[in-house]
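So the structure is just underneath, and the comments pick up after that.
The values are calculated or read from the model by the stated rules, or taken from the named source; none is laboratory data. If you're wondering where the values come from, they're calculated on a predicted model, not measured in any experiment. Cβ atoms come from the backbone with ideal geometry, glycine included; neighbour counts cover every protein chain shown.
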Amino acid sequence: MASLRRHRNGLIAARINSGVVWVREVRKLCDTGRQVSLISTDYQSGIWLLAATLFARWSQENFFKYAREHFALDRLADYQTEEIPDTARVVNPARRTLDGQVRSLTSKLSRRLAQFGTLNLNETIDSAKVEAFVAKKAAAHDEIEHLQDELKTLKEQRQETPSHLDIKDLPEENRFRRLSTHSKQLLDTLKMIAYRAETAMANVLAPLLARPDEARSLLRAIYTTEADLLPDPQAGTLTVRLHHMANGASDRAVRKLCDELNSTDTLFPRANLRLILQLGTSQNP
């Protein structure tokens, strides 16, 4: 995009590759005075929908970043493989090879052109030295011409080679299988459910903390802290007694979270014991 020209009604004339494309601009003014700009070719949707779409995208990116770091979203579930449907489109290996050769040769040609441009006769004008300089420059010029011809041939071959093929059209030696996705889809679903549960707990903790953005950090600390498990089959309860946090403010927030979770009367799976969450070990006999 070479230039932007703003007009009324949030329309912008964007000059791209010597042509003009009309786009819309939506700006959000933050409390800090910073403005966030959104450029779109959607001329019909309302500005609120466009802005919501942008911020939803940010939310998704934040989720994937957090899930990769703390929920191992990208970790392999197993090493089983499965067949790829014959109609699936994949990158043509021959095209990939040609792309690599073109990039390598282009880089080499750029270096040779730079070297050729720096060739100068800095010595005294002498017939022998001039003759040697001319011969060196001619050899460099011949090499550049050879590289240019080779690069032109490779680009023509690349242009005639399709970038994608159906898996059934690949040569037998280039066919491959993909990792099985069934187990990973199940585990990723469970991780997303766990993330939503963590979000709900973070929403409970955030108003109780001096820095609401540390709610998830406190939850991760709870996950790793030690706890006492006190089952009581007669009363039908399973008490999970957490050890104290690092400071009193965190303890107060965790107690509030325990009260919120206890009010759900959740039963521990298969044991049918009602979960009771408590903070502190002083009640142990």
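What the table shows:
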{"item": "So residue 216, is it within 28 Å of the chain's Cα centre (by Cα) and loosely packed, with under 15 Cβ neighbours inside 10 Å", "result": "no"}
{"item": "Considering residues of the stretch 64-88 that are of a type in the set (Lys, Arg) and exposed (fewer than 12 other Cβ atoms within 10 Å of the Cβ) only, the residue modelled with the highest pLDDT", "result": "65"}
{"item": "Output for the stretch 125-148, where each listed residue is farther than 18 Å from residue 114 by Cα, part of a helix (DSSP H, G or I) and among the charged types (D, E, K, R)", "result": "129, 131"}
